[in-house]
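Taking it in order: structure first as C-alpha cells, then the write-up.
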Amino acid sequence: MNTNTKKRNVDFQFIAEWVKEEDRILDLGCGRGVLLEYLKQTKSAYAVGVDIEFEKVLSCIKRGVIAYHGDVKRILSRFETNSFDRVILSRSVDLINQPDAILGEALRVGKRATVGFVNHGFWKNRFNYFVHGRQAINEVYPKTWYESHPSNPFSIHEFENFCAVRKISIMDRVYLRGDWRKTCQYFPNLMSGYAIYDLSK
C-alpha cells in the first residue's frame, strides 16, 4: 500500500465517524467510488457518486456504487432540497468550477456537508515556495502545474473565513498533521497538512 493510499484510508475513517447507519450519501467528485464503497460496507449507506470522468463512473458501477457522469452543478440542480443526509466533497473543492455555488447547492441538497482538502498554508508548502519558488512535487501534488487539473488551492484560514462570510456553520472539524494520521492541536493553518469539516446551513 503506497503512502497516498494510506493517507486516503485515514481520511475515510474520519469521514465515516460523521456518517450514521443507513445515511443517504452523495459524493461529488467521487473518483472510482472507493470512499462510497467503504461507507456502504461500514455504515450500510445508500451511496451515490458524481464524477466528470466516464472511466471513473464505470469503476464506481463495478464496485456496486450508483454514479452519475457529468457536471456537478448541473446534476445537483436535479435533486430536491434535503435529498441526502450528507454531501461529501473530499479533495475536490479546489478542482471544481464555482466552488462557492457548488457548496451552496451541496448544503441545499444535503442536510450536512463534509469537505476535506489539502491545506495550502501548511508550512512545507510555504517553505517550498519560499526556497524554490514553486509548488512541491510529492504524493499530495504528484503532477506539475501544467499536467494537473485546473485547481485553486487554499488554506484553512481562507476556508474558515469563507464559512463565516457565507454564514455556514462548522459543526465539527479535524486537522491532521503532515502525515495525515495524527491530529494537529495547535496552529492548524501552519501545522496541519489536511483538514476535514462537517458543515451545516
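Bear in mind these aren't lab numbers, they're just calculated from the coordinates by the rules spelled out. Keep in mind that what you see is a predicted model, and the values were worked out from it rather than measured. Cβ atoms come from the backbone with ideal geometry, glycine included; neighbour counts cover every protein chain shown.
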On each of the three principal axes the extent of the alpha-carbon atoms of the chain, given in whole Å and largest first, is 47, 36, 30
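When DSSP assigns beta bridges and you keep just the ones with both residues in the chain, what percent turn out antiparallel, to the nearest 5? Intermediate values should be presented prior to the final figure.
Details: 14 of 32 bridges.
If I count the DSSP bridges inside the chain, around 45 percent turn out antiparallel.
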Quick one: helix 99-109 against the long Cα principal axis of the chain, what's the angle to the nearest 10°, folded into 0 to 90?
30 degrees
Any residue on another chain or 5+ positions along whose placed amide H is under 5 Å from the amide H of Asp27 is listed here as Val48, Gly49, Val50, Ile88
Rg ratio (alpha-carbon, reference 2.2 N^0.38 Å) - the stretch 14-100:
1.00
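Nearest 500 deg cm²/dmol is fine: what mean residue ellipticity at 222 nm does the chain get from its DSSP H runs of n ≥ 4 alone, each adding -39,500 (n - 2.57), divided by its residue count? Provide the component values of the computation, followed by the final result.
Working: 8 runs with 74 residues, N = 201.
Computed mean residue ellipticity for the chain: -10500 deg cm²/dmol.
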Per the charge dipole of the chain (beta-carbon charges, Lys/Arg positive, Asp/Glu negative, Cα centre), the residue among Ile61, Tyr129, Tyr38 reaching farthest to the positive end is Tyr129
Taking the Cα centre of the chain as origin, sum charge times position over the Cβ atoms of Lys and Arg (+1) and Asp and Glu (-1), and report the length of that vector in debye to the nearest 20.
220 debye
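Sequence gap at least 6, Cα distance under 8 Å: using those rules, report the relative contact order of the chain to the nearest whole percent.
On the way: 368 pairs, mean separation 37.9, N = 201.
Averaging sequence separation for qualifying contacts and normalising by length gives 19 percent for the chain.
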